[in-house]
Structure formats: structure tokens, C-alpha cells
1. Exposed loop sites here are trypsin sites (Lys or Arg not before Pro) in DSSP loop states with at most 11 other C-beta atoms within 10 Å. What is the longest stretch of the chain lacking them?
2. Using a cut-off of 27 Å between alpha-carbon atoms, which lysines can reach K197, once sequence neighbours fewer than 8 places away in the same chain are excluded?
3. List the aspartates and glutamates whose Cα sits under 18 Å from the Cα of K14, skipping any in the same chain fewer than 8 residues away.
4. Mean Kyte-Doolittle of at least 0.0 plus a Cα span of 24 Å or more along the axis: flag which DSSP H helices in the chain meet both, please.
5. Distance between the C-alpha centers of the range 158-204 and the range 1-58? Whole Å please.
6. What's the FRET efficiency of K14 with R134 using the Cβ-Cβ distance as r and R₀ = 22 Å, to the nearest 0.05?
7. Please tell me the relative contact order of the chain in percent, rounded to the nearest whole number, where contacts are Cα pairs under 8 Å and at least six residues apart.
8. For the range 1-114, rounded, prolate or oblate, judged on the Cα gyration tensor with a ≥ b ≥ c (square roots of eigenvalues), a/c < 1.5 rounded, else prolate if a/b > b/c?
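Bear in mind these aren't lab numbers, they're just calculated from the coordinates by the rules spelled out. Given the structure is predicted, the values throughout are model-derived calculations rather than measurements. Methodologically, a virtual Cβ is constructed for each residue, glycine included, from the backbone with ideal geometry; neighbour enumeration extends over all protein chains shown.
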Amino acid sequence: MDLKTAEARGIEVKNVVGYAGSSVAQLVFNVLLELTTHASQYNQRVSTGQWSTSRSFCLFDFPMMELTGKTMGLVGYGNLAKSVEHLARAFGMHVLIAEQKNATHIRPGRTPFDQVIKESDAISIHCPLTEATRDLFSMTELQQMKPSAILINTARGGIVNEGDLITALNNGEIAGAAVDVITTEPPPKDYPLIINKPDNLIITPHIAWATLEARTRLLHQLVSNITDTLL
């Protein structure tokens, strides 16, 4: 949206804000819990009869990790990231808020970008896609992360280099990833990220914002924006 031209022509531009925080945070932890607990994969094991043939009372086919005491890194710190922070602290996680990459000044409460990359057990991305954030996570950043770390992108496709992400997951550079956004939406059937998807990658179709409650808040705010302008 060309805001300067709109202002010059007397066109009022309004946005809907703050409607999807709970919805996005819920999906972030949905995929984080799946990647650390593997509940759906265990459910599949039960459905295919593998629990019934177990020599033990339980199965240990997939490693499980507690979130308590782990570190959540937030890249971007608006309404959505703050909602994720709230849930992270409820799980007993430490939270690091990343300063912008290559920043010469670290704001109070922020942590240098490279430090967040290296120290976080999970990283959740919530920044806009700009020329400064395009390929913000490429092989260089992925290789700096812990081999046990998880990367989650519910922001915009293009912030994570998709080819590098596949390579990093296949090579064990990181333990897992989840993306709700990709560079081309909707993707063609032969989209590389999808046809080459590793087992430790979860892809959802841009739904983090879309709970019924969030869409209801969006529409109420949209109506309010229109009526405030017209009245």
C-alpha cells in the first residue's frame, strides 16, 4: 500500500491489528509440542498395532523433550510474538527477544541476534518480510543453531530460505521445523519444499491466524474501521 500517495489524495487507510495473537500463539505451540512430543506419530503407531506387539507397557520410538527450562527465541516482537512469549513463560521457558540482525545498538530487553540463534532451543519468527529480512534464516544461521533446536515460521514466506531449510533438516543441523507460510501461496503441486519435505518438517497452509475467534475479531474491527470513517 502506497501510504504517501493515499495521504496526498486524501484517502484514509486503516488496518486491522491485534486480532490474531492467541490464534498464532496456539499454532506455534501446537507444532512445537508435536515436534518435541510426537503425539500424532505415537497415535499412528497405536493405530497400526505396534503398541499391541510391544514387549514393554509403552513405546519409545520417538525422543521426547520437555519445554520447561528450555529457551524460546523470538524474532520480531509485536503483538503476535508477545502472545507466544506469554505461553512460553507459562511452560516455564526462558525467553530471549532478538535485536535486529547486525544492529550496532542493543535495545533494553533485547539480545543480540546471533546470540539468540546460538542459545535458543526453539525460535519463533514474527517479523515482516522486507529486503532486510528476506533469507534472514539461511544456511549460515541454521548452522549456528543447536542441533536439537526447532525453527518455527508463522510470519511470511521468504524469511527462511526454503532450500537451505531442507538441507539443514536432512543434515541434522537442526532437529525440526514448522512453517505456516511459504514463498508461493498457494504452492504448485511440484513445489520443492513440499515434494522434498523431510519427516521433521511440519507444513500448515497459512492457518495460524484463522481460528473462528480470530476471524470474528478481524471482522468486527473491519466493520468498526469502516463505520468510524463513514460516520
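1. Working: sites that count: R9, R55, K189.
Value returned for the longest uninterrupted segment is 56-188.
2. The qualifying lysines are K70, K118, K146, K189.
3. Output for K14: D2, D228.
4. On the way: long enough: 212-230 (27 Å, 0.02).
Within the chain the helices that satisfy the rule are 212-230.
5. 15 Å
6. Numbers: r = 27 Å, r/R0 = 1.24.
With a Förster radius of 22 Å, E is 0.20.
7. Details: 354 pairs, mean separation 45.6, N = 231.
For the chain, the relative contact order is 20 percent.
8. prolate
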